[in-house]
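The values are calculated or read from the model by the stated rules, or taken from the named source; none is laboratory data. Bear in mind the structure is a predicted one, so any value in this text is a computation, not a measurement. Cβ atoms come from the backbone with ideal geometry, glycine included; neighbour counts cover every protein chain shown.
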Amino acid sequence: MKSVLRLLSLCAVALWYGRPDVWVVGYAKKTIRRIRIHGFAHAAVEAAIGVRNSVAWLAEQWFDSIFGIDTAGRVLMYSADGPPETNPHYLDYQPTPVRTMRALLRQLEADVDSSTFVDFGSGKGRVLLIASEFSFARIIGVEFDENLHRTACTNISAFRGRRQCQDVRSVLGRAEEFALPSGDLVLYFFHPFEATIMERILDNVVHSYRENPRRILLLLFRPSHAELVERFTEFRRLPVKPLPYDVVRLSSDYRDPAGAPYDAAVFVAG
């Protein structure tokens, strides 16, 4: 009941500050303008995207409400005039959609019992909590932003969902300096870094593998850096089934206007 009340209050706040009397009229004018300029088909696609984004927003809020946590929303990590500790190579926090992450992990479920799951750029810890629903040996999030790390620790303690893995923690530190555990690994990336940082992380992964050969899975959601992995002969690419598309309020370079399933790449060594 508390979860439902929390969700309703969030919706009420969003409506109140969103000024429905303003945005409804504005949206109607924008739709008419799109029809005149681009035609009805284009306007219909844009309207469908708007509905999908609203549903996705509700799904994000429902996940947080029902489990008593705070993982939704985008957090800007860098601005050109920001404080010196901000880093342009670390990208904004945007949580992985719940339904998408579960679908990806279900494809790997048979192979993870002895593996440590590591989320690079783990933010508020949503992926850690979803991963805890699966039978990983342990789960680690690596996050360089102190505020996000503290939120993740709070979420891990407050999470009311069922866990198959009880060993879940967030580590404060830079991903490129993280020492990989010695056993089997599942390493997850939702495009948290620019190529410069990703190259250093992959160099560390390959060096660790050469020193201690074992099974290492790389999961790349929105795999813009897949070509960096393909440079290493230690990894081969595995087939991945299409994932459900549930991403809300992202910039245009994230969004697929056709609403196609989001892409993911999975690589394995060992």
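Just to be sure, is F120 hydrophobic (A, V, I, L, M, F, W, C) and under 20 Å from E194 (Cα atoms)?
The answer is yes for F120.
Tell me which of these H42 doesn't satisfy, since it passes every other one: (1) modelled with pLDDT of 90 or more; (2) out of contact with any Phe, Trp or Tyr (no Cβ under 8 Å at 6 or more places or on another chain); (3) surrounded by fewer than 17 Cβ atoms within 10 Å (Cβ to Cβ).
(1)
Just need a number here: residues in the range 210-238 that are over 20 Å from D184 (Cα atoms) and exposed (fewer than 12 other Cβ atoms within 10 Å of the Cβ).
2
Tell me the residue from D203, D253, D263 that is modelled with pLDDT of 95 or more and surrounded by fewer than 20 Cβ atoms within 10 Å (Cβ to Cβ), please.
D203
Looking at (1) under 18 Å from D70 (Cα atoms); (2) of a type outside the set (S, T, Y); (3) out of contact with any Lys or Arg (no Cβ under 8 Å at 6 or more places or on another chain); (4) not in a helix (DSSP H, G or I), which one does G141 not meet, given that it meets all the others?
With respect to (1) under 18 Å from D70 (Cα atoms); (2) of a type outside the set (S, T, Y); (3) out of contact with any Lys or Arg (no Cβ under 8 Å at 6 or more places or on another chain); (4) not in a helix (DSSP H, G or I), G141 is out only on (3).
Which condition breaks for S122 when tested against (1) more than 15 Å from D70 (Cβ to Cβ); (2) crowded, with 20+ Cβ neighbours inside 10 Å; (3) touching a strand residue (DSSP E or B) at 6+ places or on another chain (Cβ under 6 Å)?
Status for S122: all satisfied but (1).
Among the residues in the range 194-210, are any outside any helix (DSSP H, G or I) and assigned by TED's automatic domain parsing to the domain that holds E230?
Yes, that holds for at least one residue.
Need the failing condition index for G270 against (1) modelled with pLDDT of 85 or more; (2) exposed (fewer than 14 other Cβ atoms within 10 Å of the Cβ), just the number.
All conditions pass for G270, except number (1).
Scan the range 149-170 and tell me whether some residue there is under 19 Å from the mean Cα position of the chain (by Cα), part of a strand (DSSP E or B) and more than 27 Å from V240 (Cβ to Cβ).
yes
Pick out the one residue from V171, V186 that is of a type outside the set (S, T, N, Q) and crowded, with 19+ Cβ neighbours inside 10 Å.
That would be V186, the only listed residue that is of a type outside the set (S, T, N, Q) and crowded, with 19+ Cβ neighbours inside 10 Å.
Restricting attention to the range 160-195, which residues are farther than 21 Å from R74 by Cβ and touching a residue at least 60 places away in the same chain (Cβ under 8 Å)?
R160, G161, F178, L180, P181, G183, D184, L185, V186, L187
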